[in-house]
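What follows is a short report on a single structure.
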Amino acid sequence: MIYDLGNIYYSTLQGVRTDSTASKTLDKDAFLRLLLQELEMQDPLEPMETKDMISQLSQLTSLEQITNLTSAVKDFVEIQTSVNPAQLASLIGKYVVVKNNTVNLKDGEADSIIFNLDEDAHVVIQILDENGNLVRTEDLGSVEAGVHGWQWDGRDDNGVSVKDGTYTYHVYKVTSSGLEEIGGMEGGVVEAVQIKSGEGFVLVNGSLYPVDSILEISQEGDV
């Protein structure tokens with residue numbers, strides 16, 4: 001009798017564990033053991049044909065190739081997600097544009113909120129406090145495509161000045177299906193770099209931003 005050794009739920013061979021503690025993953029060594037046991041148990045009057053042996057060995061080769069490929073992909077992902085200190089340090093002095101959704105208010109003056117439109121659109125900006133409460137909604141009306149800036153006057157919707165601090169903002173464009181968030185951005189020279197828990201950060205305008213938040217990099221002299 002010929003068995004399909006590629007079936008990871010194979011349990012008909014005598015002497016092979018089938019209890020709940022047995023592994024359901026058929027690795028290369030297990031495959032070879034099953035093949036040898038099959039050869040020992042075969043009917044001498046009806047031995048395994050050469051083509052069947054080749055088929056079983058082909059399954060082994062495919063299994064080994066898949067195992068090697070899985071290992072290679074895992075190594076590649078680890079390399080791509082690791083932080084290269086030398087590459088990170090090369091960003092110092094470069095001008096970068098990063099994703100940003102916070103605005104600092106100090107002495108009643110706020111940083112400019114910068115955003116980019118890929119098409120003409122109706123734009124609305126919302127500002128929230130540290131507890132997520134809506135502080136200000138500003139309807140900018142129709143805005144042309146391109147990079148734009150808007151500066152908050154530090155007041156809420158009632159015209160009352162709010163306390164200094166860091167606020168979160170959201171930039172939306174109005175579409176036929178509702179509000180679509182655009183997201184803001186900030187530009188500046190990378191003053192320093194840091195690595196925290198395996199993740200790289202750049203220091204721009206006194207604030208830390210993850211490396212993956214960088215949208216554009218250029219030489220300082222090109223800005």
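The values are calculated or read from the model by the stated rules, or taken from the named source; none is laboratory data. Given the structure is predicted, the values throughout are model-derived calculations rather than measurements. Cβ: placed from backbone, ideal geometry, glycine included. Neighbour counts: every protein chain shown. Accessible surface is based on the protein model in full, side chains and every heavy atom, while ligands, DNA and RNA are left aside. Shrake-Rupley method; radii C 1.70, N 1.55, O 1.52, S 1.80 Å.
Residue separation of VAL189 and SER142 scaled by 0.36 nm, minus their Cα-Cα distance, works out to 13.8 nm of gained length. With θ taken as phi - 60° and the Karplus curve 6.51 cos²θ - 1.76 cosθ + 1.60 applied, the whole-hertz 3J(HN,Hα) list for region 166-178 is 9, 10, 9, 10, 10, 10, 10, 10, 7, 10, 5, 9, x Hz, x standing for glycine and proline. For the set LYS94/LYS163; LYS106/LYS196; LYS99/LYS173, the pairs lying more than 24 angstrom apart at their alpha carbons are LYS94/LYS163; LYS106/LYS196.
The GLU199 and LYS106 beta-carbon pair, evaluated with R₀ = 25 Å, returns a calculated FRET efficiency of approximately 0.35. Counted residue by residue at 0.36 nm each, then reduced by the alpha carbon distance between them, the extension gain from LEU134 to SER176 reaches 12.7 nm.
Quick one: pull the percent of accessible area on region 97-223 belonging to carbon and sulfur, 1.4 Å probe, ligands and nucleic acids left out.
Reported share for carbon and sulfur atoms: 43 percent.
Ignoring ligands, DNA and RNA, what accessible area per residue does region 98-180 give at 1.4 Å, in Å²?
Per-residue accessible area for region 98-180 comes out at 58 Å².
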